[in-house]
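Below is one structure, written out as structure tokens, with a few remarks after it.
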Amino acid sequence: MKVTVGVSGGIAAYKAAELVRALQQQALDVHVVMTEAAVQFVQPLTFASLTGHKVITSLWTAPESSDDNLDSAIEHIEAAQTTDVLVVAPATASILAKFAHGIADDFLTTLYLATTAPVIVAPAMNVNMWQHPATQANLETLASRNVHIVPPDAGYLACGMTGSGRLADTPAIVEAVLGVLHHRNDLAGEIVLITAGGTREALDPVRFLGNRSSGKMGYALAEAAERRGARVILVTAPTALRPPANVEVIPVITTEEMRAAVLGRMDQASVVIKAAAVADYRPLKPADQKMKRSGPLTIELEPTEDILAEAVARRHSGQLIVGFAAETQDAVAHARAKLMRKGADAIVLNDVSREGIGFDSDRNAVTFLTPSTALELPEMAKRDLADRILQEILGLRRPQKVVAESITME
Ligand code: PMT
């Protein structure tokens, strides 16, 4: 997910560098926008070096050609359209006043009016400015418009006075960002069908062929999708997990049962995510009775149906179908070949040969592959990774580029 950090011109501007680093540790893609006053306190190069992205400090580039202005305008509109949250830290009394009164005289204030993403402000200023009725009235206005306010701490201020006005500490601001990102309703209206767990193919009435899937990845996706407003259908092979609340659960055991459930319900779904570890083979002839132990045993196996490929073949327009790939060598090449062979919209690749991620772990690291992109999502808790994967799936819906003619230059 993309976070835009807005830095306005207060002495606490230097603390924004620590915030940027802390947000990056949450595997968030951080971009920085600065007001011209902020540049008096911290060089844009500081943030450009930290983020690897250009820092926008002005509505206008120094145009060598008219294209520069158009490029700059596209960049600004794109920044507004693609950010998932705008967090302004520090937020000065001046920037709060401009936000509250709809003044857009620089890029940050323009971005505030242009974005539909959630907005968080972390005020920092002299205690008298903080307590001034004008500042408090502006904060009330912003709160009434659902701007999240991270209140300043009390304590020693740069101006030598004590009291409220000191920028909240970084963990508090990070928590506010994660809270906003994790509790959005951006999947409202979606019906998401998710498969989870490892199917089991009977060898005899007692034994089965199975795999090490615990279901945690699929259940994390189901929980995250439900929390973000989706209606979730969870087709699950046996697991030791409690299904997430408010989720329709369809328990299955074998690949054939999973296939019937997926093909039977996918027409209702706007998104299908196949996180289950599906047995690729089943015994040709399972034994009717428990096989007695005696010497070497040969069992003939037959391939199971490829549910993902069948789902793609039945995809209705607008429906997104996302598979997973559990690989142990040449992972990206194998996963990309799988993506192209099966025709899914994306494949979530995890290298299950890596220690501590993948099967039965609480953590995972994946590469989100589409036919034209590969996005590394570094190791993190499956609960957090589920949100990141859903965000990338939502991104498959976004127009891939900003349409120049939609921008008018005065
Ligand atoms: O459940 P956890 O313990 O949390 O572990 C998570 C996980 C490792 C199981 C998960 O992240 C994962 O990788 N799931 C896919 C495992 C798998 O079967 O990968 P695959 O490369 O064999 O299959 C590719 C895709 O085709 C998968 O979406 C699979 O659901 C699907 N498939 C596979 C075989 C088959 N007969 N039908 C299918 O639909």
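My understanding is that a pair violates if its Cα-Cα distance is over 19 Å; which of LYS2/LYS274; LYS54/LYS382; LYS216/LYS274; LYS285/LYS338; LYS274/LYS338 do that in this structure? Can you show the working numbers first?
Working: LYS2/LYS274 25 Å; LYS54/LYS382 31 Å; LYS216/LYS274 13 Å; LYS285/LYS338 29 Å; LYS274/LYS338 13 Å.
As for pairs spanning more than 19 Å Cα to Cα, those are LYS2/LYS274; LYS54/LYS382; LYS285/LYS338.
Probe radius 1.4 Å, ligands and nucleic acids left out: which of TRP130, TRP60 has the largest accessible area, and how do the rest follow?
Sorted by accessible area, descending: TRP60, TRP130.
Determine the principal axes of the Cα atoms in the range 2-182, then give the extent along each, sorted from largest to smallest and rounded to whole angstroms.
49, 34, 31
Ignoring ligands, DNA and RNA, how do SER294, SER361 rank by accessible area with a 1.4 Å probe, largest first? Walk me through the intermediate numbers first.
Values: SER294 85, SER361 20 Å².
The most accessible residue leads, giving SER294, SER361.
Please go through the range 133-195 and write out the trypsin sites (Lys or Arg not before Pro) that DSSP classes as loop and that have at most 10 other C-beta atoms within 10 Å.
ARG145
Subtracting the Cα-Cα distance from 0.36 nm times the residue separation, let me have the gained length for ARG383 to GLN43 in nm, one decimal. Walk me through the numbers before you get to the answer.
Details: separation 340, 0.36 × 340 = 122.40 nm, distance 3.61 nm.
Using 0.36 nm per residue and subtracting the Cα-Cα distance, I get 118.8 nm.
Which value in nm describes the separation of the simple spin-label points at ASN128 and GLU256, placed 7 Å from the Cα toward the beta carbon?
The modelled label-to-label distance comes out at 8.3 nm.
Would you kindly find the accessible area of LYS15, with a 1.4 Å probe and non-protein molecules such as ligands, DNA and RNA excluded, rounding to the nearest 10 Å²?
Ignoring ligands and nucleic acids, LYS15 comes out at about 50 Å².
Please identify, among ARG265, ARG293, ARG314, the residue showing maximal mean-square fluctuation in a Gaussian network model of the chain using a 10 angstrom Cα cutoff.
Comparing ARG265, ARG293, ARG314 in the GNM, the peak value goes to ARG293.
I want to check the label-to-label distance for ASP186 and ALA143. Put each point 7 Å from Cα in the C-beta direction and report it in nm to one decimal.
For the pair ASP186/ALA143, the computed spacing is 2.7 nm.
Of the listed peptides 245-254, 99-108, what is their order by residue-averaged count of other C-beta atoms within 10 Å, with the highest listed first? Can you show the working numbers first?
Values: 245-254: 15.4, 99-108: 17.6.
Per-residue Cβ counts within 10 Å, averaged per peptide and sorted highest first, yield 99-108, 245-254.
How large, in percent, is the carbon and sulfur part of the accessible surface of the range 75-173 at a probe radius of 1.4 Å?
Values: 2310 of 4130 Å².
The computed percentage sits at 56.
Given a 1.4 angstrom probe, what's the average accessible area per residue across the chain, in square angstrom?
Each residue of the chain exposes 47 Å² on average to a 1.4 Å probe.
Work out how much length ASP169 to ASP362 would gain on full extension: take 0.36 nm times their residue separation and subtract the Cα-Cα distance, in nm to one decimal. Display every interim value, and only then the final one.
On the way: separation 193, 0.36 × 193 = 69.48 nm, distance 2.86 nm.
Extra length from ASP169 to ASP362 when fully extended: 66.6 nm.
Can you run the Rg to Rh ratio on the chain? Use alpha carbon positions and the Kirkwood inverse-distance Rh.
Taking Rh as the inverse mean 1/r over Cα pairs, Rg/Rh reads 1.08.
If you roll a 1.4 angstrom probe over the protein chains with everything in place, what fraction of the accessible area of the range 294-368 belongs to carbon and sulfur, to the nearest %?
The nonpolar share, carbon plus sulfur, comes to 49 percent.
In nanometres, what is the gap between the two model label sites at LEU375 and LEU301, each 7 Å from Cα along Cα-to-Cβ?
3.4
The values are calculated or read from the model by the stated rules, or taken from the named source; none is laboratory data. Remember, predicted model here, so these are calculated numbers, not experimental data. All Cβ positions, glycine included, derive from the backbone under ideal geometry; neighbour counts span all protein chains shown. Heavy atoms of the whole protein, side chains included, go into the accessibility calculation; ligands, DNA and RNA do not. Shrake-Rupley method; radii C 1.70, N 1.55, O 1.52, S 1.80 Å.
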